[in-house]
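Step one of this worksheet: look at the structure below.
The values are calculated or read from the model by the stated rules, or taken from the named source; none is laboratory data. Everything numeric in this text was worked out from a predicted model, so none of it was measured. Using ideal geometry, Cβ is built from the backbone for each residue, glycine included, and neighbour counts are taken over all protein chains shown. The area values use the complete protein model at the heavy-atom level, side chains included, leaving out ligands, DNA and RNA. Shrake-Rupley method; radii C 1.70, N 1.55, O 1.52, S 1.80 Å.
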Amino acid sequence: MKYMTEFRNFAAAQALSRELHSLCTGIKEIKIMEVCGGHTAAIFKYGLRDLLPPNIRLMSGPGCPVCVTSNSFLDYAMALSREPDVIIASFGDLLRVPGSHSTLLAEKSKGGDIRICYSSLDALELARKNPSKKIVFLGIGFETTAPTVAAAIKRAEAEGLKNFLVLSAFKTMPEAMKALLQSGELALNAFICPGHVSVVTGLRIYDFIARDFKTPCVVTGFEPLDLLQAILMIVRQLKDGRSTVENQYTRAALPLGNPAAQALLNEIFAPSDVEWRGLGVIPGSGLGISDAYQAFDAQKVIPLQLEPAREQPGCICGSIMRGVKVPTECKLFAKACNPENPKGSCMVSDEGNCATYYKYARNSRTTVIENEAGTS
Amino acid sequence: MKVLEVNGTVGQVEIGGVRRAVDLSLVAGVKVGQFVVVHAGFALSVTDEDEAQKTLEIFAEMARRVAEADAAAGSKAGSDQ
Amino acid sequence: MNIELKSEKLSPQITLAHGNGGKLTHDLIRSMFVTAFSAEALSAEALSNDALSELADSARLKLPEGEIVFTTDSHVVNPLFFPGGDIGKLAVCGTLNDLAVMGAKPLYLSCALIIEEGFETALLKKIIDSMAEAARQNGVRIVTGDTKVVEKGAADKLFINTAGIGVVLPGAPKGLKSFQAGDAVLVSGSLGDHGIAIYAGREGISLQTDLQSDCACIFPLVEIALKICPELRIMRDPTRGGLATTLNEFVQGGRFGIELDERSLPIRDEVRGVCEILGFDPLYVANEGKLVLVLPQTSAPAVLEALKLHPLGRKAAAIGRLTERAPGRVYLKTDIGGERVLDMLVGDMLPRIC
């Protein structure tokens, strides 16, 4: 498959690995955070850590869309599913995420009308086919997914579809990265920046990180060779004492991003304060539906009063997401909390920190490397 | 994914012989035969094939250098595999 | 097939009365099931099917000498018709495969139907014919059955349970306890075809592929392996949960682990493509006509060559080996030379957002 198989080439991967090993000989530990959940998944899927020198430590950031979705958002979604004439339309992996008391999957088996969608356009189609129902699309994700939902809202407006609503918990990456850097809790040397977010936003959103926090940023794709090359670029920056925003994903991400998608984002959404599971409320890091489009805002059209959300006792998803702790340090990990019965949402999505650890790294060599790196 | 058809803002794309409809409204001007990055039913960018080739050439060059170095180091190193 | 639906007797839809044991039930059984499953409808080898034609509640069977295997499986696939098969073919092949992997030659099947009221009679006939055809091709007889009709909404269209009996052949696998370090792991063909063909065909997925389900009876492959290798360790058909789950079952709690080579796994481009789009892993996707074998390394090349000569085994491959390195674990040497652990499938696969 073009532009996929070539980026999984064994010989090239081994060559990149060797180059990294020779560059890293004798230097102190480098901590690199991959912000995006898609990168986390690829790193584990390909066993990429086995190709890295022991003094490179990869940490997973807050970029798995379902992992950072708050209990309060899920509680609201479940409450909506119990309202008359409401159909909930959701991305598949959100269904297993626990809210305060239940999951959407459990609500579905109790009779809630909850449908899995692949695209906001599927939800729009539901709205056309069910004029007597209100379709609430659960808007989770980052700058990548938000424009696709903005496009659906625009289309609903153009068609005069009044029964298409969005419950928005969209988030933006730079504010979260800033919050992480300012929390002072973690000593990060560099960021692997999300590929698809950058395709939309362009590269300038990371400038302040390189400039003000002296932290190198490299935008990269989702294939293993992309990630290895990005790590190589980061190590070179650190060795040269540079901190700039570099682009490894030149085949897809343009410096200025996708202007059409950005225009849609600006028109439909407005910055808002939003809660990130594990990180709390980060001011200005959300994309709320702007006043001009509030007829499509589920929270405005169907306002509900709910009890305050209840957090899971003992769960350290927050620290894990901030990269302060690794999943194996959690008391619940692989015991009370496992993919079959997830407590924190890091265990829910395939790309969640804990799920990927559970699935790929538990008891394996990778964990050993991680622990060695952590104590050295 | 490779673009097979463009009909206004709707297109057919293909990967590994699997075809699906995608929305092309965010990549105006995309042509049949080009490759696009697709997310949640929308094409978000058109792949720059020259850039892809450049990146792949860097990888090929690195792999070749390693192979040459191994060959030069003689048979004592043995194969990586 | 040359059976006419005796439509004067059957209404276009199945009703509750077709399952109440009265006249309509008898009409349905006689005009559809007995006709399809009876001796005349079966192969030219004239397998007699006296057991069925007596229409008793149970079948009296003659069994050859030796050990028998006995299994049951319920089939609830949605959609009922999919590229490469239907629920009827699946219900026959699935149960035959469960018998075959024990090293047994399948002989007899039962067929129990749970039908949702209002189900189209013509579709039912199509499915029953498909069962008869699959049974005929594989030389087994459907000897007893049951029919229930439930109220609308109490079942999703049609469920089929089949139970099967087979006789154990010489050289049948000795099981997990016969494992030895270095044993080879073979698979008889491409992985994930069934699950992906079904998924892509579902309403609302809007993926178009030419992919067909691999739904087939794998007894011919079992027969080949048994003939060549008298020391087969174990065989299994990796259905729900896919290859990764089956291999985990092999090693769980035992002294050995399994090491797989990602680059040797036979996976079709279409399956890879759908998995890329939906975020699935082909190693966890169901198969319905594939055989996984563990056998001594020394016999592996000969068995592999022989499997490849059979139409069902053309893409057979050696994919890994038993090791003592990580007992109880299945791990994969990835394309790029890394390593990852393959656990059992947990929950349903849900399509991912990115």
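When restricted to residues that are buried (at least 18 other Cβ atoms within 10 Å of the Cβ) and of a type in the set (Ser, Thr, Tyr), the range A:1-42 contains 3. Considering the range A:331-361, the residues that are open to solvent by 50 Å² or more (accessible area, probe 1.4 Å) and at the interface with chain C (Cβ under 7 Å from one of its Cβ atoms) include one that is modelled with the highest pLDDT, namely A:Glu340.
Scanning the range B:10-54 for residues that are in a helix (DSSP H, G or I) and either of a type in the set (Lys, Arg) or crowded, with 22+ Cβ neighbours inside 10 Å (or both) yields a total of 1. The residues in the range C:205-233 that are surrounded by fewer than 22 Cβ atoms within 10 Å (Cβ to Cβ), more than 14 Å from every other protein chain (Cβ to nearest Cβ) and assigned to a loop (DSSP other than H, G, I, E, B) can be counted, and the count is 3. When the helices (runs of 4 or more DSSP H) confined to the range A:168-221 are screened for residues that are within 14 Å of another protein chain (Cβ to nearest Cβ) and crowded, with 20+ Cβ neighbours inside 10 Å, those reaching at least 2 such residues are found at A:195-201. The residues in the range A:301-335 that are of a type in the set (D, E, K, R) and closer than 20 Å to A:Gly61 by Cβ can be counted, and the count is 3. Quick one: is C:Leu278 touching a residue at least 60 places away in the same chain (Cβ under 8 Å), within 14 Å of another protein chain (Cβ to nearest Cβ) and more than 22 Å from the chain's Cα centre (by Cα)? Taking the combined requirement at face value, the residue satisfies it. Residues of the range C:18-40 that are touching a residue at least 40 places away in the same chain (Cβ under 8 Å) and of a type outside the set (S, T, N, Q): C:His18, C:Gly19, C:Leu28, C:Ile29, C:Met32, C:Phe33, C:Ala36, C:Phe37. Here the condition is being at pLDDT below 95 and open to solvent by 20 Å² or more (accessible area, probe 1.4 Å); of C:Arg236, C:Arg202, C:Arg314, it holds for C:Arg202 alone. Put simply, of C:Arg325, C:Arg272 the only residue that is among the charged types (D, E, K, R) and touching a residue at least 40 places away in the same chain (Cβ under 8 Å) is C:Arg325. Of everything in the range A:118-136 that is of a type in the set (Gly, Ala, Ser) and surrounded by 18 or more Cβ atoms within 10 Å (Cβ to Cβ), the residue that is farthest from the chain's Cα centre (by Cα) is A:Ala127. Here A:Gly37, A:Gly47 are screened, and the one residue that is assigned by TED's automatic domain parsing to the domain that holds A:Met233 and on the phi > 0 side of the Ramachandran plot is A:Gly47.
Go through the residues of the range A:272-295 one by one and say whether even a single one is β-branched (Val, Ile, Thr) and free of Cβ contacts under 8 Å to residues at least 60 places away in the same chain.
Scanning the range A:272-295 turns up at least one residue that is β-branched (Val, Ile, Thr) and free of Cβ contacts under 8 Å to residues at least 60 places away in the same chain.
Of the residues screened, B:Ala71 is one that is loosely packed, with under 12 Cβ neighbours inside 10 Å and over 22 Å from A:Ala150 (Cβ atoms). When residues in the range A:76-93 are screened for being within 14 Å of chain C (Cβ to nearest Cβ), outside any helix (DSSP H, G or I) and of a type outside the set (S, T, N, Q), 3 of them pass. If you check C:Leu260, C:Leu283 for being in a helix (DSSP H, G or I) and in contact with a Leu (Cβ under 7 Å, 6 or more places away or on another chain), only one passes: C:Leu283. Test A:Lys45 against the stated conditions and say whether it is in contact (Cβ under 8 Å) with a residue 24 or more places away in the chain, away from every other protein chain (no Cβ under 14 Å), open to solvent by 30 Å² or more (accessible area, probe 1.4 Å) and under 28 Å from A:Pro327 (Cα atoms). So A:Lys45 fails the test.
Looking only at helices (runs of 4 or more DSSP H) that fall completely inside the range A:256-326, which ones have 3 or more residues that are open to solvent by 20 Å² or more (accessible area, probe 1.4 Å)?
Those helices (runs of 4 or more DSSP H) span A:259-268, A:298-301.
In this structure, does A:Pro54 turn out to be in a loop (DSSP other than H, G, I, E, B), open to solvent by 40 Å² or more (accessible area, probe 1.4 Å), outside the structural domain of A:Pro339 (by TED's automatic domain parsing) and free of Cβ contacts under 8 Å to residues at least 24 places away in the same chain? Against the criterion (in a loop (DSSP other than H, G, I, E, B), open to solvent by 40 Å² or more (accessible area, probe 1.4 Å), outside the structural domain of A:Pro339 (by TED's automatic domain parsing) and free of Cβ contacts under 8 Å to residues at least 24 places away in the same chain), A:Pro54 does not qualify.
Listed here are the residues, each with its yes/no results for (1) under 18 Å from A:Pro65 (Cα atoms); (2) within 12 Å of chain B (Cβ to nearest Cβ); (3) not in a loop (DSSP other than H, G, I, E, B).
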{"site": "A:Gly99", "(1), (2), (3)": "yes, no, no"}
{"site": "A:Ala106", "(1), (2), (3)": "no, no, yes"}
{"site": "A:Leu124", "(1), (2), (3)": "no, yes, yes"}
{"site": "A:Arg128", "(1), (2), (3)": "no, no, yes"}
{"site": "A:Ser132", "(1), (2), (3)": "no, no, no"}
{"site": "A:Thr144", "(1), (2), (3)": "yes, yes, no"}
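Could you look through the range A:10-30, keep only residues that are in contact (Cβ under 8 Å) with a residue 12 or more places away in the chain, assigned to a helix (DSSP H, G or I) and of a type in the set (S, T, N, Q), and pick out the one that is farthest from C:Gly337 (Cα to Cα)? Full working, then the answer.
Restricting attention to the range A:10-30, the residues satisfying the condition of being in contact (Cβ under 8 Å) with a residue 12 or more places away in the chain are A:12-14, A:16-17, A:19-21, A:23-25, A:27-30.
This time we only want the ones that are assigned to a helix (DSSP H, G or I), so: A:12-14, A:16-17, A:19-21, A:23-24.
Keeping just the survivors that are of a type in the set (S, T, N, Q) gives A:14, A:17.
Working: A:Gln14: 7, A:Ser17: 10 Å.
Looking at the filtered set, the residue picked out is A:Ser17.
Can you pull out the residues in the range C:324-339 that are open to solvent by 20 Å² or more (accessible area, probe 1.4 Å), modelled with pLDDT of 95 or more and either part of a strand (DSSP E or B) or touching a Gly at 6+ places or on another chain (Cβ under 6 Å) (or both)? Residue satisfying the conditions is C:Lys333 alone.
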